[in-house]
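K.L.:
Dumping the structure here so I can ask a few things about it.
None of the figures in this text is laboratory data; all of them are computed from the coordinates on show. Since we're looking at a predicted model, the values are computed, not measured. For neighbour counting, all protein chains shown are included, and Cβ atoms are generated from backbone atoms with ideal geometry for every residue, glycine included.
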Amino acid sequence: MPYGKATLITNISFTIDPVRVLREMKIPKARSLDEIEEKPLAAAIKRAIEKAYTLIEGKGIYRTFPLSGVEGNVVKGPDTGDLFHGAHMLKLLTGCERATLLACTIGPRLEMEVERLQKAGELIDAFALEMTGGWMADYMADRVDERLEHEIKREGYGRTMRFSPGYGDWTLDNQPQVLRLAEAERIGIALTDSYIMIPRKSVSAVIGWKSA
């Protein structure tokens with residue numbers, strides 16, 4: 001893939017695991033919906049999963065940039081400037097020849113439906129739908145990650161872990177540049193003044209390319 005050219009992924013296929021939803025809802029012992037003693041809650045979760053399939057629209061985008069080396073506490077690149085700075089970025093990207101910025105989202109419709117249910121007083125259904133969608137942004141990031149990993153290995157490189165703004169000393173104020181370089185607006189992601197992504201169920205991250 002040429003440097004700087006974004007790869008856009010639409011209609012990411014997905015499967016909603018009911019057990020994962022139960023874990024998001026802090027119901028650790030149940031291994032299926034049938035094991036939930038509170039039958040109204042079990043019914044709400046089932047409705048939420050069915051509805052989520054009609055609301056989630058997984059999209060992702062990523063761009064790969066060359067890196068030129070370390071200067072002080074910054075891993076430099078001709079297009080990325082001082083974006084990759086601080087101890088965590090030095091640990092992640094030192095020795096890497098490239099870095100890929102990615103963004104993904106489940107889209108706005110599930111969040112909009114949660115808000116509608118809340119306003120209608122259907123709080124159990126709203127909670128169940130929120131928890132159903134709560135982990136799906138990371139699910140989409142994993143799917144984009146898998147596709148990128150194939151590309152990295154195909155070109156003879158190894159890869160680093162995926163690392164997102166807001167962790168360690170790579171603070172959220174790096175988010176505007178991350179999303180701009182990843183062209184995240186093409187999949188409908190925007191930022192609030194406090195650097196929160198909209199839709200909220202979105203993920204941004206960097207992955208480094210290491211010499212194999």
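K.L.:
Can you confirm whether LEU129 is in contact (Cβ under 8 Å) with a residue 12 or more places away in the chain, buried (at least 18 other Cβ atoms within 10 Å of the Cβ) and closer than 30 Å to PRO40 by Cα?
P.N.:
Criteria met by LEU129.
K.L.:
Something else about it: Return the pairs, sorted by first residue and then second, in which the second residue is assigned to a loop (DSSP other than H, G, I, E, B), the first residue lies in region 155-174 and is surrounded by 14 or more Cβ atoms within 10 Å (Cβ to Cβ), the beta carbons are less than 6 Å apart, and the residues are 6+ apart or on different chains.
P.N.:
Listed by first residue and then by second, the contacts come to TYR157/ALA212; TRP170/GLY86; LEU172/PRO165; LEU172/GLY166; LEU172/TYR195; ASN174/PRO165.
K.L.:
OK, next. Does region 53-75 hold any residues that are small (Gly, Ala, Ser) and surrounded by fewer than 22 Cβ atoms within 10 Å (Cβ to Cβ), and which are they?
P.N.:
SER68, GLY69, GLY72 - these are the residues of region 53-75 that are small (Gly, Ala, Ser) and surrounded by fewer than 22 Cβ atoms within 10 Å (Cβ to Cβ).
K.L.:
Moving on to the next point. For region 71-111, which residues satisfy the criterion of being among the aliphatic types (A, V, I, L, M) and within 21 Å of ALA141 (Cβ to Cβ)?
P.N.:
LEU83, MET89, LEU92, LEU93, ALA99, LEU101, LEU102, ALA103, ILE106, LEU110
K.L.:
Looking only at helices (runs of 4 or more DSSP H) that fall completely inside region 117-212, which ones have 1 or more residues that are under 25 Å from LEU67 (Cβ atoms)?
P.N.:
Qualifying helices (runs of 4 or more DSSP H): 136-154, 175-182.
K.L.:
Search region 58-116 for residues being acidic (Asp, Glu) and touching a Phe, Trp or Tyr at 6+ places or on another chain (Cβ under 9 Å), and hand back the single one that is farthest from LEU172 (Cα to Cα).
P.N.:
Taking region 58-116 first, the residues acidic (Asp, Glu) are 71, 79, 82, 97, 111, 113, 115.
Then drop every residue that is not touching a Phe, Trp or Tyr at 6+ places or on another chain (Cβ under 9 Å), which leaves 79, 97.
Working: ASP79: 20, GLU97: 24 Å.
If we take residues in region 58-116 being acidic (Asp, Glu) and touching a Phe, Trp or Tyr at 6+ places or on another chain (Cβ under 9 Å), then GLU97 is farthest from LEU172 (Cα to Cα).
K.L.:
Hey, could you check region 42-99 for residues that are in contact with a Leu (Cβ under 7 Å, 6 or more places away or on another chain) and in a helix (DSSP H, G or I) and say which is farthest from ILE189 (Cα to Cα)?
P.N.:
ALA42
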